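I have placed the structure first, in the form of structure tokens, so that the comments after it can refer back to it.
The values are calculated or read from the model by the stated rules, or taken from the named source; none is laboratory data. As the structure is a prediction and not an experimental result, all values here were calculated from the model. Here the Cβ positions follow ideal geometry from the backbone for every residue, glycine too, while neighbour counts run over all protein chains shown. Surface areas here come from the heavy atoms of the whole protein model, side chains and all, with no ligands, DNA or RNA. Shrake-Rupley method; radii C 1.70, N 1.55, O 1.52, S 1.80 Å.
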Amino acid sequence: MAANVRHSSKTNEQYTPLDLVGRFRKLCRGKIDLDPATTARVNEDIRARKFYTKADNGLKLPWGTPRHPKTVFVNPPGGLLGLRAAREWGTRSQQVAWWFKVMQELQLGHVDRAMFVSFSVELLQACQIQPTDWHPLDFAWCIPRQRIRFERIRRDQRIVGKQPSHSNILIFPGCFLGEVKRHFGDLGKCGVNR
């Protein structure tokens, strides 16, 4: 059976353009406390105070505490979870599992604000199929007019992707719509459904 080209990739590591990270940093008054799904090299650019790598497995670790909630930047890896993790999270989709983790940490009071970079608006459909208390559209969001050209790291340099294959949505749990519009409104439509 042939792979669906729209969903195939040589790697599931695609990094958010630094312009978007910078906008979120400004929205958060200069600080990003945690990036739970990154690499040491990429965190040199993100500059989160703490980060988790694939080996750390940010899906399993706490992101903060109720006494010290965190500002979190999340660009989840693509692809599918292993079978054990899929049973735990109720989905094979990495993107959906990471969204569920953001919601779990928000409910526990470990996160006070976040930016979730969804590489595909299909997250919106998947979160209707998978029951969850909070749908991504219940929070401030931005749908960019143009697809995000995610980047890769080659020889320690950021390389802009050639052809984005999906429409994207940026979701901002804990952020007010006005501040999202102020920092991201020139990129596309911003709103909130609650």
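Consider region 18-43. How many of its residues are open to solvent by less than 40 Å² (accessible area, probe 1.4 Å), in a helix (DSSP H, G or I), in contact (Cβ under 8 Å) with a residue 12 or more places away in the chain and more than 15 Å from Leu170 (Cα to Cα)?
Of the residues in that region, 1 qualify.
Only one of Ser167, Ser118 is touching a residue at least 12 places away in the same chain (Cβ under 8 Å), hydroxyl-bearing (Ser, Thr, Tyr) and either open to solvent by less than 50 Å² (accessible area, probe 1.4 Å) or touching a Gly at 6+ places or on another chain (Cβ under 8 Å) (or both); which? Steps first, please.
On the way: Ser167 fails: either open to solvent by less than 50 Å² (accessible area, probe 1.4 Å) or touching a Gly at 6+ places or on another chain (Cβ under 8 Å) (or both).
So the residue among Ser167, Ser118 that is touching a residue at least 12 places away in the same chain (Cβ under 8 Å), hydroxyl-bearing (Ser, Thr, Tyr) and either open to solvent by less than 50 Å² (accessible area, probe 1.4 Å) or touching a Gly at 6+ places or on another chain (Cβ under 8 Å) (or both) is Ser118.
Using beta carbons and a limit of 8 Å, which pairs, at least six apart or on different chains, have the first residue in region 83-97 and touching a residue at least 60 places away in the same chain (Cβ under 8 Å) and the second one hydrophobic (A, V, I, L, M, F, W, C) and surrounded by fewer than 21 Cβ atoms within 10 Å (Cβ to Cβ)?
Short answer, once both residue conditions are applied: Gln94/Leu80; Gln94/Leu81.
Of all residues in region 44-58, which are open to solvent by less than 30 Å² (accessible area, probe 1.4 Å) and modelled with pLDDT of 95 or more? I'd like the intermediate steps shown before the answer.
Of all residues in region 44-58, those open to solvent by less than 30 Å² (accessible area, probe 1.4 Å) come to 46, 48, 52, 58.
The answer is Ala48, Tyr52, Gly58.
Can you name every residue in region 59-84 that is open to solvent by less than 30 Å² (accessible area, probe 1.4 Å) and more than 28 Å from Lys31 (Cβ to Cβ)?
Leu81
Restricting to region 170-194, name every residue that is of a type in the set (D, E, K, R) and open to solvent by 50 Å² or more (accessible area, probe 1.4 Å).
Quick first cut of region 170-194, residues of a type in the set (D, E, K, R) only: 179, 181-182, 186, 189, 194.
Once the filter is applied, which keeps residues that are of a type in the set (D, E, K, R) and open to solvent by 50 Å² or more (accessible area, probe 1.4 Å), region 170-194 yields Lys181, Arg182, Asp186, Lys189, Arg194.
Residue check, Ala114 against (1) among the small types (Gly, Ala, Ser); (2) over 21 Å from Gly30 (Cα atoms); (3) in contact with a strand residue (DSSP E or B) (Cβ under 6 Å, 6 or more places away or on another chain), all met but one. Which one?
The failed condition is (2).
Tell me, please, whether a residue that is touching a helix residue (DSSP H, G or I) at 6+ places or on another chain (Cβ under 6 Å), closer than 20 Å to Asn43 by Cα and either among the acidic types (Asp, Glu) or open to solvent by less than 20 Å² (accessible area, probe 1.4 Å) (or both) can be found in region 138-155.
no
Got a number for residues in region 88-137 being of a type in the set (Ser, Thr, Tyr) and within 16 Å of Ile169 (Cα to Cα)? It would help to see each step written out before you state the result.
Taking region 88-137 as the starting set, the residues that turn out to be of a type in the set (Ser, Thr, Tyr) are 91, 93, 118, 120, 132.
Retained after the next criterion (residues that are within 16 Å of Ile169 (Cα to Cα)): 118, 120.
Qualifying residue count, region 88-137: 2.
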